[in-house]
Every structure is written in structure tokens, then in C-alpha cells.
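Okay, so here's the structure we're looking at.
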Amino acid sequence: MTDTDGTAGLDRRLADALERLGHGMRSLAQRTAREHGLSPLQQQAVLALARHPQTRREVAALAAEFDVTTPTMSDAVTALERKELVTRSPGADGRRRSLTLTDAGQEVARGLSSWDDPLTDALAGIPEADRATTLHTLLRVIADLQRASVVSVTRMCTTCRFFGRDEHPDPAVPHHCHLLRTPLPLAGLRTDCPEHEPEPSHSPAGRRKQRTSAQ
Ligand code: SF4
């Protein structure tokens, strides 16, 4: 049966479009990683190490960010060490190993920094108001997927305990950040906020509690 008008049909087509987008970006990542002699996961690690603060530059944090097991991420980092792109040194607690890009690793990160240009170029052609609404919609979907344990770690406004939903009448600036004490325009919602703290239902302990109470 073809349903092109109802909500169910719309949801199906949106899911299909997002899936197609995911396939395209994975294929693009594979291509750019191969050009630099890396696997897609190694590429993600190099890019993350280039932009994250020291406290997030360790194997377990990267594993959580990219939804892989710690041993899988450790293998990727070991491969990067062999390629002399990353070094491990004792972290602040003397136990965890902190990761640092070597000069060669930083050069690779610079070369990779524009890997997703085809996507950002395509988005640049869309009116800003539409892009802001799309950002808002995607962040809501990702928050729901995190609640359903499909996505594990996000540092986005919609999963943050300081996020005040729909607190202002302006549809372009409806939300509020209670940490920064400022209204949040749709176009200003953050996807990797350094001040983010998970709201209880999005923390690992909160999700465990939800699962227990649902049983
Ligand atoms: S602290 Fe950051 S992530 Fe949290 S609501 Fe404010 S801007 Fe968004």
C-alpha cells in the first residue's frame, strides 16, 4: 500500500531520507579516510583529538562518543600510535592515558578538516530559518534516541539539564539556557557544548532507573 499523504508515510520517508544521508556520509568518510591511510574510526579519532579539550582526549571518552566498545577504540588508537599520529601519556590521575596528536597527526587533522564539505556546502544553499528549524528537529530526535538508548553520548542542548524548553513566546527563540542565563535561538542550539551536563533521564544512571521502573 502506498501512503504518501498521511503522517505515517511522512515519517517513513523522513526515516528513509535520514538513512540515505547516513549511508552517503559513511561512504564519504570511508573515501577521505582511505586517502589518508586511515579507517573511518581512526579518522573520527584524529578529528576529535584535534578539537577536544585534554579532559576528553582518552580512549574511553572517544569510545563513548563514537558508540564503539573501549577495546575497539583502543585498537584504533594503537593503530594511530603505530602510524606515529598519536601518543599516549599518563593523565591527571596518573592512571588513565591521555592522548595527544603528534605534529604529523595534527597535519593529518588539518587535511581532514574539510572532509564533510559536500554536506556543509549543500546546507549552505538552504535558507537560514529552514536550517535552524532542521537543527532543532534533529536535536529533538537525537534526544529521544538517546532516551531509547540508541545514541549513547551527546553534549547537545536537548539532552542538557540546563535546557529550558519552550520558555519564550518567540518561535525563533523559544528555549532558554539556565546556566548561561540566556534565551537560546533555534539557530544557536549547541551540538557539542563544553558546559553540557546530562539531564537525569539522559545520564547512564537515569536510563538504568527508567529501565528498572518500566519492568
Ligand atoms: S549549558 Fe550548553 S548544552 Fe546546556 S542548555 Fe546551555 S548552551 Fe545548551
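Ranking of His178, His196 by neighbouring Cβ atoms within 10 Å, starting from the fewest: His178, His196. When each of Ile142, Ile126 is scored by the number of other beta-carbon atoms lying within 10 Å, the sequence from fewest to most is Ile126, Ile142. When each of the peptides 106-112, 167-173 is scored by how many other beta carbons lie within 10 Å of its residues on average, the order from highest to lowest is 106-112, 167-173. Considering only Thr69, Thr182, Thr191, the mean-square fluctuation computed in a Gaussian network model of the chain, springs between alpha carbons under 10 angstrom, is largest for Thr182. Across all C-alpha atoms in segment 27-117, the radius of gyration and Dmax reach 12.3, 39 Å.
Simple spin-label estimate for Ala60 and Thr100 gives 2.2 nm between the two label positions (7 Å along the Cα-to-Cβ direction from each Cα). Converting phi to 3J(HN,Hα) with the Karplus coefficients 6.51, -1.76 and 1.60 and the offset θ = phi - 60°, segment 127-137 yields x, 4, 4, 5, 5, 5, 5, 5, 4, 4, 4 Hz in sequence order, with x at every glycine or proline.
Normalising the Debye intensity of segment 85-152 to I(0), with uniform scatterers on Cα atoms only, and taking log10 at q = 0.12 Å⁻¹ returns -0.67. Based on Cα contacts under 8 Å between residues 6+ apart, the chain shows a relative contact order of 14 percent.
What ranking do 41-49, 60-68 get when scored by the average of other Cβ atoms within 10 Å per residue, highest first? Walk me through the numbers on the way to the answer.
Details: 41-49: 21.8, 60-68: 17.3.
Descending mean neighbour count gives 41-49, 60-68.
Computed from the Kirkwood radius of its Cα pairs, the Stokes-Einstein diffusion coefficient for the chain at 4 °C and 1.567 mPa s stands at 66 µm²/s.
Magnitude of the Cβ-charge dipole of the chain, K/R +1 and D/E -1, about the Cα centre, nearest 20 debye?
Values: 28 positive and 28 negative charges, 179 e Å.
Roughly 860 debye, rounded to the nearest 20.
Relative to the Cα centre, what is the charge dipole magnitude of segment 27-117, using +1 at the beta carbon of each Lys and Arg, -1 at the beta carbon of each Asp and Glu, and rounding to the nearest 20 debye?
Values: 12 positive and 12 negative charges, 45 e Å.
Dipole of segment 27-117, to the nearest 20 debye: 220 debye.
Between Arg190 and Cys157, the built amide H atoms are under 5 Å apart, and every one of these is 5 or more places off in sequence or on another chain.
Every read-out reported here was derived from the displayed coordinates using simple, explicitly stated rules and does not represent laboratory data. Remember, it's a predicted structure, so these values are computed and weren't measured experimentally. Positions of Cβ are generated from backbone atoms using ideal geometry, with glycine treated the same way; all protein chains shown enter the neighbour counts.
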